[in-house]
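K.L.:
Below: one structure in C-alpha cells.
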Amino acid sequence: MPTVVVSPYRTLEFLEGGGHFWVYLQYVHGLRQVGCEVYWVERFHGRDAGRQRSRVERLLRRLEGYGLAGKVILCTDAGGERAQGRDYTYIGATRSEAHEIFKRADLLVNFHYAIDPELLACFRRTALLDIDPGLLQTWMSTGQLSVAPHDVYLTTAETVVMPSAPLPDAGLK
C-alpha cells in the first residue's frame, strides 16, 4: 500500500473555513479510495499556546471523524525538538516517528507553497499541487514567493502551460 503525506496550509488557523478544509480533505479521500495510506502533516506557527491548544484539539477531532485518527502530525516552530536546523514541536507523533513516516512515504502532496525546505527534504518524492492558478505563478514569477524545488508540479489550471495562456508559467513544467 503506497504511503502519501498530504501537507495542507493553514487549516488550523482557519477552522471556520469549511471550503478551505475540504479542498485538502477531498484529496485525502481520493487517495484513500485508490488504496493509499494517507497522513495529514501540517506546520503552524505556535503563537498563543492556550488558543492554539484548543484549535489543535478541534482539528484533531474533526480529522478523526474522517478516518484520520493516528494519521495526523502537526508541527510548530515554537520551541521543542531540533529538526535539521529548526526547532519543532510535534503533535500526534514524536520527532523520530514523524521522520520515519516522512522517510518511508512514497510521496508528499504539498499544498503549502512556502513549506520549509528542510522539512520538504525529509521526503523521497514531492509534488507541489497548485490550487491557486494564476496567483501562484504570478507570485513566483514576480519574486513575491520563493518555492522550494519539488520533483513534480501540478496545477488545477487547464491552460497555465499553454503558450497562449495569460498567466506566467514561473518557468516550470
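All of the numbers you see were taken from the coordinates with simple rules; none came from a lab. Please read all numbers here as calculations on a predicted model, not as lab measurements. Here Cβ is always computed from backbone atoms with ideal geometry, including for glycine, and neighbour counts include all displayed protein chains.
K.L.:
For the chain, give the share of DSSP beta bridges that are antiparallel, in percent and rounded to the nearest 5; count only bridges with both residues there.
P.N.:
Values: 6 of 26 bridges.
Restricted to the chain, the bridges split so that about 25 percent are antiparallel.
K.L.:
Using the Karplus equation 6.51 cos²θ - 1.76 cosθ + 1.60 (θ = phi - 60°), what ³J(HN,Hα) coupling, rounded to whole Hz, does each residue of region 24-41 give in order, writing x for Gly and Pro?
P.N.:
Once θ is set to phi - 60°, the couplings for region 24-41 become 7, 5, 5, 5, 4, 4, x, 5, 5, 5, 8, x, 8, 8, 10, 10, 10, 10 Hz.
K.L.:
Using only the alpha-carbon atoms of the chain as identical scatterers, what base-10 log of I(q)/I(0) does the Debye formula give at q = 0.15 Å⁻¹?
P.N.:
-0.89
K.L.:
Let me ask something else. Report ³J(HN,Hα) in whole Hz for each residue of region 55-71, in order, from the Karplus equation J = 6.51 cos²θ - 1.76 cosθ + 1.60 where θ = phi - 60°; Gly and Pro get x.
P.N.:
For region 55-71, the Karplus-derived couplings read 5, 4, 4, 5, 5, 4, 5, 4, 5, 4, x, 9, x, 9, 4, x, 10 Hz, x marking Gly and Pro.
K.L.:
Can you give the net charge of the other residues whose Cβ lies under 12 Å from the Cβ of V152, counting K and R as +1 and D and E as -1?
P.N.:
0
K.L.:
Give the order of M1, M140, M162 when sorted by the count of other beta carbons within 10 angstrom, beginning with the fewest.
P.N.:
Fewest-to-most ranking of M1, M140, M162: M1, M162, M140.
K.L.:
Using amide H atoms built 1.01 Å from N in the peptide plane, name the residues 5+ places from Y39, or on other chains, whose amide H lies under 5 Å from its own.
P.N.:
V4, V5, V6
K.L.:
Round to the nearest 10 and give me the degree value, 0 to 90, for the angle of helix 95-104's Cα axis relative to the longest principal axis of the chain.
P.N.:
Between helix and principal axis, roughly 40 degrees.
K.L.:
Using R₀ = 22 Å, calculate the FRET efficiency as 1/(1 + (r/R₀)^6) where r is the Cβ-Cβ separation of E97 and R32; round to 0.05.
P.N.:
Taking R0 as 22 Å, the efficiency between E97 and R32 is 0.60.
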